[in-house]
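Worksheet for the structure shown next.
The values are calculated or read from the model by the stated rules, or taken from the named source; none is laboratory data. Owing to the predicted nature of the structure, the values given are computational and were not obtained by experimental measurement. Heads up, the Cβs are rebuilt from the backbone with ideal geometry, glycines too, and the neighbour counts pull from every protein chain shown. Please note that ligands, DNA and RNA were not included when accessible areas were found on the heavy atoms of the full protein model with its side chains. Shrake-Rupley method; radii C 1.70, N 1.55, O 1.52, S 1.80 Å.
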Amino acid sequence: MTTYRVCCFLRRFRPASSEPSAAIAAVFRSYASAASAGDVLGEEALKRFLREVQGEEGGSAGVGDEDEDGGVEALVREIMAFAAQQKLLKKGGGGGGIAAEGFHRWLCSDANAAIHPRRGVHQDMGQPLSHYYIYTGHNSYLTGNQLSSGSSVAPIVKSLLDGVRVIELDLWPNAGKDDVEVLHGRTWTSPVGLGECLDAVKEHAFVSSPYPVILTLEDHLTPHLQAKVAKMIKETFGDMLHISQSETMAEFPSPDDLKGKIIISTKQPKEYLQTKSSKEDSQNGDKEEEESVWGEEIPDNKAQPAVARQMSEPDNGQGVEEEDEMDKKVQPGVDGEYKRLIAIQLTRRKHDMNEDLKVDPEKVTRMSLGEKAYEKATITHGADIIRFTQRNLLRIFPRTTRITSSNYNPLMGWRYGAQMVAANMQGHGRKLWLTQGMFRANGGCGYVKKPDFLMNSDPDKMFDPRSKLPVKTRLKVTLYMGDGWRFDFHKTHFDKFSPPDFYARVGIAGVAADTRMEESKVVMDNWIPTWDHEFVFSLAVPELALLRIEVHEADNHQKDDFAGQTCLPVWELRQGIRSVRLCARDGELLRSVKLLMRFEFA
């Protein structure tokens, strides 16, 4: 019994049971050997289950590149070995097999995960960079909010280890104008040395992925300091640095071509020094628009700094104008070696979308747009954006008023082919969960190939995410049960006087036509909730659909408690009954918490 104290009384609850739910037990019985009184799953029955329920028809759905029979045979051997290790093989008529408990444990194991744990990189990585979504960070050095937090190499290292492939560094002169610091300019953020940041990138760039790391530099430097940066970059990265053979490229290299390479991307120095404000000063912030279907953002229980509550945008006053005058004076001495290191040039905007989105057949480039400017452009120039991103790179960054390092909906960028949808990795919340979910695809390598329809340049077949789109497929999701909270949380974490009351929210984030959320029933007073709840989602664009899953603990008197979340790319879900690991608010996997779910496409 589980006991909770209420004043001078004791409340006793039935102990948590790890027995399979009635629905899972029924699946087991339907395949169990009749010769063994239905309590053992033999090898032939297990093969039938793997083919009919799990959709294991070959190597790609199973455990390797074997042929159809070889893949299922190998998986059967793996499951039997797992059951033997757990001492859950059982003798019976017809040779025996795996017992019900062993079957349930295997279903809940990481080997049976919703996204194949060993599939790795499986997309064509030989296309130009513009054909891929790229895992992109914003203000990668910040440890917290955009106004007063510290700068450090720690968030850079974490981002790289998590698979992020685009690291942003803002470069400013130090107080003595003789060295370079990395910080969020015109704020109270503390600096970190550029050398430390470069060393951190070199050491951790290719630990989680062999594919290229792009350093986007926001440069506020004099020519003298640009020369110093060029020397530091060359000395730090050496042969790892990708240097383009010419100032212009007709086409970007592929991720395969650039394996193990560091790429520098910024504006040509002369262009940058003519700029009168930083990248974000020109963006006007409006009130953030939440997609109500997702629910309100989940707080991280961190106090908002007083300075962040008082200010919503950088200083646009006298200090900026004086700095611009200094920039103009030093402009003629642009360092040639610094220019040579810029492999992906950032084109300065003309602030005329018709001009900005023109496609040059002889040259590729990168353009950067603030969140609000981009959102307006999708309304008037949606097709032009798709056409532009078929050859060129487009980076979208969060608006200045997101002073707490919150994020925007990344799907608004991906729908139109924008490759570098930048996210504040130090911020937590539903929008960042979507980014983390997208880049679980393709083996978590940080590059995900864009759907073919976004590469179609035929004007009559140009994709329009705002149009009424026909349903391509239906995804049926069955949520059976969950477990693991009892190991990861104290028994009074959710409720002081009883076991938790869990419910789940399951839905789709994608094009507007596909976006929705649904909710399960609340299972009262149970650490191992069994929901047996079905959700059905009609999908017009499954290639851009992300399955969102959250678990909360219902509380009648306060805000419901957060109990875990994950986000999974629909196009990589494995058919059948699968194990789904849940994550904490920051995207880190919870040690033990899992759901058992079934995915069926029709």
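Would you pick out the residues in segment 426-451 that are open to solvent by 40 Å² or more (accessible area, probe 1.4 Å) and either within 10 Å of the chain's Cα centre (by Cα) or not assigned by the TED database to the domain that holds Lys158 (or both)? Result: Arg440, single match. Scan segment 542-555 and tell me whether some residue there is open to solvent by 40 Å² or more (accessible area, probe 1.4 Å), under 24 Å from Glu588 (Cα atoms) and part of a strand (DSSP E or B). No, because not a single residue in segment 542-555 is open to solvent by 40 Å² or more (accessible area, probe 1.4 Å), under 24 Å from Glu588 (Cα atoms) and part of a strand (DSSP E or B). Here Ser246 clears all of (1) in contact (Cβ under 8 Å) with a residue 12 or more places away in the chain; (2) open to solvent by 10 Å² or more (accessible area, probe 1.4 Å); (3) outside any helix (DSSP H, G or I) except the condition numbered (1). Among the residues of segment 202-221, those identified as in contact with a helix residue (DSSP H, G or I) (Cβ under 8 Å, 6 or more places away or on another chain), over 24 Å from Leu369 (Cα atoms) and buried (at least 20 other Cβ atoms within 10 Å of the Cβ) are Ala205, Ser209. Which one is surrounded by the most Cβ atoms within 10 Å (Cβ to Cβ), of the residues in segment 116-173 that are among the basic types (Lys, Arg) and assigned by the TED database to the domain that holds Tyr408? Among those that are among the basic types (Lys, Arg) and assigned by the TED database to the domain that holds Tyr408, it is Arg165. Among the residues of segment 352-372, those that are touching a strand residue (DSSP E or B) at 6+ places or on another chain (Cβ under 8 Å) and charged (D, E, K, R) comprise Asp356, Arg366, Glu371. Which residue, of Val164, Val157, is β-branched (Val, Ile, Thr), in a helix (DSSP H, G or I) and touching a residue at least 24 places away in the same chain (Cβ under 8 Å)? Of the residues listed, the single one that is β-branched (Val, Ile, Thr), in a helix (DSSP H, G or I) and touching a residue at least 24 places away in the same chain (Cβ under 8 Å) is Val157. The single residue among Lys261, Lys228, Lys202 that is basic (Lys, Arg), in the same structural domain as Gly137 (by the TED database) and in contact (Cβ under 8 Å) with a residue 60 or more places away in the chain turns out to be Lys202. Looking at segment 524-540, can you tell me whether even one residue there is farther than 18 Å from Trp485 by Cα and not in a strand (DSSP E or B)? Within segment 524-540, one or more residues are farther than 18 Å from Trp485 by Cα and not in a strand (DSSP E or B). Determine whether Ile98 is at negative phi, at pLDDT 90 or above and in a strand (DSSP E or B). Yes, satisfied.
Selection over segment 205-219 of residues that are outside any strand (DSSP E or B) and either out of contact with any strand residue (DSSP E or B) (no Cβ under 9 Å at 6 or more places or on another chain) or modelled with pLDDT under 95 (or both) gives a count of 3.
Looking at segment 567-588, which of its residues are open to solvent by 10 Å² or more (accessible area, probe 1.4 Å) and over 15 Å from Asp483 (Cβ atoms)? Those that are open to solvent by 10 Å² or more (accessible area, probe 1.4 Å) and over 15 Å from Asp483 (Cβ atoms): Leu568, Trp571, Glu572, Leu573, Arg574, Gln575, Ala584, Arg585, Asp586, Gly587, Glu588. None of Ser457, Ser405 is part of a loop (DSSP other than H, G, I, E, B) and surrounded by 22 or more Cβ atoms within 10 Å (Cβ to Cβ) except Ser405. All conditions but one from (1) open to solvent by less than 10 Å² (accessible area, probe 1.4 Å); (2) farther than 23 Å from Leu393 by Cα; (3) modelled with pLDDT under 95 apply to Gly185; the one that does not is (1). Here Asp178, Asp199, Asp239 are screened, and the one residue that is more than 30 Å from Gly126 (Cβ to Cβ), open to solvent by 40 Å² or more (accessible area, probe 1.4 Å) and outside any loop (DSSP other than H, G, I, E, B) is Asp199.
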